[in-house]
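Beneath this line is the structure, given in C-alpha coordinates, with notes to follow.
The values are calculated or read from the model by the stated rules, or taken from the named source; none is laboratory data. Keep in mind that what you see is a predicted model, and the values were worked out from it rather than measured. Surface areas here come from the heavy atoms of the whole protein model, side chains and all, with no ligands, DNA or RNA. Shrake-Rupley method; radii C 1.70, N 1.55, O 1.52, S 1.80 Å.
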Amino acid sequence: MAKSLKNFNPESSNLENSFLHGIIAMPARRALAKEKIDSLEKLCGFSESELMKLHGFGKNAMLKLKNHLKEKNVSLKS
(Lines give C-alpha, C1' and ligand atoms only; values in the text may rest on other atoms or scores of the structure.)
Protein backbone atom coordinates (compact mmCIF):
# COMPACT_ATOMS: atom_id res chain seq x y z
CA MET A 1 0.00 0.00 0.00
CA ALA A 2 1.27 3.49 -0.86
CA LYS A 3 2.28 5.88 1.88
CA SER A 4 -0.16 8.63 2.68
CA LEU A 5 0.70 12.17 1.67
CA LYS A 6 -1.71 13.52 4.26
CA ASN A 7 1.04 15.19 6.31
CA PHE A 8 2.87 16.53 3.28
CA ASN A 9 3.69 20.20 3.71
CA PRO A 10 4.76 21.77 0.39
CA GLU A 11 6.26 24.82 2.14
CA SER A 12 8.67 22.72 4.22
CA SER A 13 9.84 20.77 1.18
CA ASN A 14 10.38 23.87 -0.93
CA LEU A 15 14.16 23.63 -0.54
CA GLU A 16 14.35 22.88 -4.26
CA ASN A 17 14.18 26.65 -4.76
CA SER A 18 17.00 27.24 -2.30
CA PHE A 19 19.58 29.82 -3.22
CA LEU A 20 22.23 27.05 -3.18
CA HIS A 21 20.26 24.48 -5.19
CA GLY A 22 22.72 22.66 -7.43
CA ILE A 23 25.70 23.96 -5.44
CA ILE A 24 25.61 21.87 -2.25
CA ALA A 25 23.77 18.66 -1.36
CA MET A 26 20.36 18.49 0.25
CA PRO A 27 21.55 17.66 3.82
CA ALA A 28 23.71 20.80 3.87
CA ARG A 29 20.87 22.91 2.43
CA ARG A 30 18.52 21.53 5.09
CA ALA A 31 21.08 22.44 7.76
CA LEU A 32 21.20 26.01 6.47
CA ALA A 33 17.41 26.21 6.20
CA LYS A 34 17.06 25.02 9.80
CA GLU A 35 19.20 27.99 10.86
CA LYS A 36 17.14 30.29 8.58
CA ILE A 37 20.16 30.99 6.36
CA ASP A 38 18.47 31.66 3.03
CA SER A 39 20.69 34.25 1.33
CA LEU A 40 24.34 34.95 0.66
CA GLU A 41 24.13 37.97 2.95
CA LYS A 42 23.05 35.82 5.89
CA LEU A 43 25.52 33.09 4.97
CA CYS A 44 28.44 35.53 4.99
CA GLY A 45 27.62 36.35 8.62
CA PHE A 46 28.82 32.87 9.62
CA SER A 47 32.35 31.52 9.86
CA GLU A 48 33.55 28.25 8.37
CA SER A 49 33.80 26.67 11.82
CA GLU A 50 30.23 27.72 12.70
CA LEU A 51 28.87 26.15 9.52
CA MET A 52 30.87 22.96 10.01
CA LYS A 53 29.15 22.48 13.39
CA LEU A 54 25.75 22.19 11.67
CA HIS A 55 24.39 18.67 11.42
CA GLY A 56 24.44 17.71 7.74
CA PHE A 57 27.16 20.16 6.75
CA GLY A 58 30.48 18.47 5.99
CA LYS A 59 33.81 18.94 4.25
CA ASN A 60 32.43 18.35 0.76
CA ALA A 61 29.66 20.91 1.21
CA MET A 62 32.16 23.41 2.60
CA LEU A 63 34.53 22.94 -0.34
CA LYS A 64 31.72 23.44 -2.85
CA LEU A 65 30.38 26.42 -0.91
CA LYS A 66 33.77 28.11 -0.72
CA ASN A 67 34.24 27.67 -4.48
CA HIS A 68 30.80 29.17 -5.11
CA LEU A 69 31.48 32.12 -2.81
CA LYS A 70 34.83 32.73 -4.52
CA GLU A 71 33.03 32.92 -7.89
CA LYS A 72 30.63 35.49 -6.38
CA ASN A 73 33.53 37.47 -4.85
CA VAL A 74 32.20 37.12 -1.29
CA SER A 75 33.57 35.32 1.74
CA LEU A 76 32.52 33.89 5.05
CA LYS A 77 33.07 35.71 8.34
CA SER A 78 36.65 35.43 9.59
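Heads up, I need the accessible area for residue 72: 1.4 angstrom probe, whole protein in place, Å², nearest 10.
Only protein atoms counted, so the area is about 110 Å².
Taking the range 19-71 on its own, what percent of its Cα-Cα pair distances exceed 16 Å? Before the final figure, lay out the partial values.
Details: 374 of 1378 pairs.
Pairs farther apart than 16 Å: 27 percent.
Between residue 49 and residue 35, what length comes free when the chain is fully extended (0.36 nm per residue of separation minus the Cα-Cα distance, one decimal in nm)?
On the way: separation 14, 0.36 × 14 = 5.04 nm, distance 1.47 nm.
In short, 3.6 nm is gained.
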